[in-house]
Amino acid sequence: EIEKLFTVVEHELPSRDQLHEIAAGIATESEMPSGDGGPEKAASGDEMASSDSMARVLDSAAGLTRYEAEGAFSLSIVRHGRLDSACIWEAKSQQLKKSGLVSLHRGHESFQQLGGLENLKSFCLRAMRHPSQNPHKNSSQNPSPPTQNRPRGVLLLSPPGCGKSQFAKALGNETGRPTVVLDIANLLGSLVGQSESNIRQALKLVDAMAPCVAYADELEKSLAGASSSGQTDSGVTARIFGSLLTWLNDHESDVFFVATCNDASKLPPEFARAERFDGVFFVDLPGEKQREDIWEIYTRHYGLDPHQARPNDTNWTGAEIKSCCRLASLLDVPLVGAAQNVVPVAVTAGDKIEQLRQWASGRCLSADRAGVYSREQGQDRASATGSRARRVIREPGVN
């Protein structure tokens, strides 16, 4: 009988128009000392952000509550005398860390530091490009993208060390969007219903920070056991997985979701169906041309001689090439000597890589070239790996 006396009011996070009003109000109310010692009113929000465009300031404040936004704007004016997007980003990073639901990645990765993956790079950049920014289209005919035609994201499948995580981190910098890291494991709570509430709140934060890039790494490990969740954890993992599936299918915010995984067999089939992702890409071991580009990137990064002899890098990943260059710089030895401390994943898990390629053939898009990935594309890269996998499969007693 008491429920009938109450009205539930849900307060959404402030929109950009509301953030603009808050910024203008904070800038107007702040008093700055004048030349004759008397106080004078500060400039308006737009004038206070003269060196930083108001659009960038609003992007940096998206996802904050009214109280948090007021604090961030006030801190920026006190420190810099204007609305500075970098200061607001710093304040927002602190607020997100306190919430513990999502975190903000503020790295400096770029596509120039990532060799290969040309088709994946081109696909994501074209999908995230605003129609009005395309000079080949008439902006009057396409003033803004319709809500139902916004990009959704990509699912990246590959062996470990092939650049999935670095691509997700670099995509935000390439498109001028913040990268929000969504760690499903951190959302699990000890109280009944806390985990489900955390995932809903985290997805609301991601929506409020749009436009942005949301990044979930090693997703198959975070959602492991979703099929048997009813017998192991009272269905908590299954309900979290269901909330994420619903959001991927129904969200209308301009959020580009990048998910990575190493084992496709652990992902439920409904996760990768159409309209939840714009594409499912398989990132294979880098080819000869890609390895050459990666060697040039990391020899330059670690200050090594680019003309020295290189080890036999057949079936090496980008992470292994980086490790070789780092060890050569750390130990002050040639690349050939540093390679003696590197054991490629193609040697330690060659059979699993071959099974992953066979699963991806015909099911995933190729990250290197346009079209669907086929097993024949990786034959030249996996001669050693493939022979090892065949020997393992043909052993007696192995199913």
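Taking only the range 171-195 into account, find how many residues are open to solvent by less than 20 Å² (accessible area, probe 1.4 Å) and either touching a Lys or Arg at 6+ places or on another chain (Cβ under 9 Å) or not small (G, A, S) (or both).
Within the range 171-195, the subset open to solvent by less than 20 Å² (accessible area, probe 1.4 Å) is 171-172, 178-180, 182, 184, 187, 195.
Pick out the ones that are also either touching a Lys or Arg at 6+ places or on another chain (Cβ under 9 Å) or not small (G, A, S) (or both) and you get 171, 178-180, 182, 184, 187, 195.
Total meeting the criteria: 8.
Looking at the range 72-94, which of its residues are surrounded by fewer than 17 Cβ atoms within 10 Å (Cβ to Cβ) and either at pLDDT below 80 or not charged (D, E, K, R) (or both)?
Hits for the range 72-94 are S74, L75, V78, H80, G81, A86, S93, Q94.
Residue by residue through the range 234-261, note down the ones that are outside any helix (DSSP H, G or I) and out of contact with any helix residue (DSSP H, G or I) (no Cβ under 7 Å at 6 or more places or on another chain).
Listed by number, the residues that qualify are S234, D254.
Please go through the range 52-72 and give me each residue that is assigned to a helix (DSSP H, G or I) and touching a Cys at 6+ places or on another chain (Cβ under 9 Å), ordered by number.
D59, S60, A72
Quick one: which residue in Q141, Q148, Q133 is touching an Asp or Glu at 6+ places or on another chain (Cβ under 8 Å) and modelled with pLDDT under 80?
Residue meeting the stated conditions: Q148.
Among the residues of the range 176-197, write down those that are within 28 Å of W89 (Cα to Cα) and either aliphatic (A, V, I, L, M) or at pLDDT 85 or above (or both).
If the condition is that a residue be within 28 Å of W89 (Cα to Cα) and either aliphatic (A, V, I, L, M) or at pLDDT 85 or above (or both), then T179, V180, V181, L182, I184, A185, L187, L188 are the ones that fit.
Select from the range 272-300 the residues that are free of Cβ contacts under 8 Å to residues at least 40 places away in the same chain and farther than 24 Å from Q113 by Cβ and write down the one among them that is least open to solvent (accessible area, probe 1.4 Å).
This residue is A274.
The values are calculated or read from the model by the stated rules, or taken from the named source; none is laboratory data. Note that this is a predicted model, so its numbers are computed, not measured. Cβ atoms come from the backbone with ideal geometry, glycine included; neighbour counts cover every protein chain shown. Heads up: the accessible areas ignore ligands, DNA and RNA and are worked out on the full protein's heavy atoms, side chains in. Shrake-Rupley method; radii C 1.70, N 1.55, O 1.52, S 1.80 Å.
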